[in-house]
Amino acid sequence: MSEKPEVLIKEESIRGRVDEMARRISTHYTDAGVTEVLLVGVLRGAFIFLADLTRRLTIPHRVDFIAVSAYGDSAGTTPGSIKLWKDVTTDIAGRHVLLVEDICDTGRTLRFLMEVFSRRGPASLKTCVLVRKPGKRAADLAKQKNRAEPVTVDYVGFEIPDQWVVGYGLDFQDQWRTLPYIGVMKPE
Ligand code: PRP
């Protein structure tokens with residue numbers, strides 16, 4: 001295993017921000033008269049964030065999971081084609097769906113999932129991510145020809161720089177997912 005990642009977002013900061021996000025999400029749906037929400041966690045990275053978020057929400061909700069893989073190369077650092085490995089088992093029609101992701105990097109995964117879920121007749125469809133990279137990589141990709149606008153995210157925990165981050169569910173080649181903080185991989 002490589003050298004321990006430097007702290008980018010401390011454990012206490014994550015806890016405080018997840019509390020705030022849960023309050024905002026609960027208030028939004030409650031004010032809109034929604035009585036139940038379906039949280040869809042995107043495996044594998046979202047499992048820790050979702051576990052904390054779900055326990056802080058005051059709006060009644062169910063939880064289901066979808067598994068996709070965004071990165072297809074053997075090193076795990078270059079985007080390949082998105083694969084849907086596991087679908088939800090809940091019928092989406094008429095439900096208020098909140099997609100829960102650990103990270104929005106290029107936005108390809110969320111865009112793919114928005115397309116998939118919007119075809120299933122949800123009552124509403126929103127997105128929630130713990131960290132988002134608004135920086136270089138997403139901006140560069142958005143400038144490319146035939147590329148759609150960056151995907152809209154309804155709830156964002158932290159905007160982060162364009163660095164490879166790990167911890168709190170995020171991995172580098174399946175390492176560091178269980179770090180309690182979000183850290184930055186040091187260049188090898
Ligand atoms: C990561 C992350 C998101 C996706 C975001 O998944 O969990 O699902 O990449 O990247 P994007 O915005 O560029 O599409 P990954 O495929 O690494 O799988 P994992 O969740 O199992 O770690």
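Table for the structure above
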| read-out | value |
| --- | --- |
| Per-region count, the stretch 143-161, residues modelled with pLDDT under 90, in a loop (DSSP other than H, G, I, E, B) and farther than 21 Å from Arg44 by Cα | 8 |
| Residue check for Val68: more than 11 Å from the ligand (Cβ to nearest atom), β-branched (Val, Ile, Thr) and at pLDDT below 95 | no |
| Identity of the residue in the stretch 28-52, more than 15 Å from the ligand (Cβ to nearest atom) and either at pLDDT below 95 or assigned to a helix (DSSP H, G or I) (or both), that ends up nearest to the chain's Cα centre (by Cα) | Asp52 |
| Cross-chain or 6+ apart pairs with Cβ under 8 Å, the stretch 75-102 first and under 30 Å from Gln163 (Cα atoms) and part of a strand (DSSP E or B), then modelled with pLDDT under 95 and of a type in the set (Val, Ile, Thr) | Pro79/Thr106; Ile82/Val68; Ile82/Thr109; Lys83/Val68; Leu84/Val68; Leu84/Val116; Trp85/Val68; Glu101/Thr109 |
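The values are calculated or read from the model by the stated rules, or taken from the named source; none is laboratory data. As the structure is a prediction and not an experimental result, all values here were calculated from the model. No Cβ is skipped: glycine too gets one built from the backbone with ideal geometry, and neighbour counts run over all protein chains shown.
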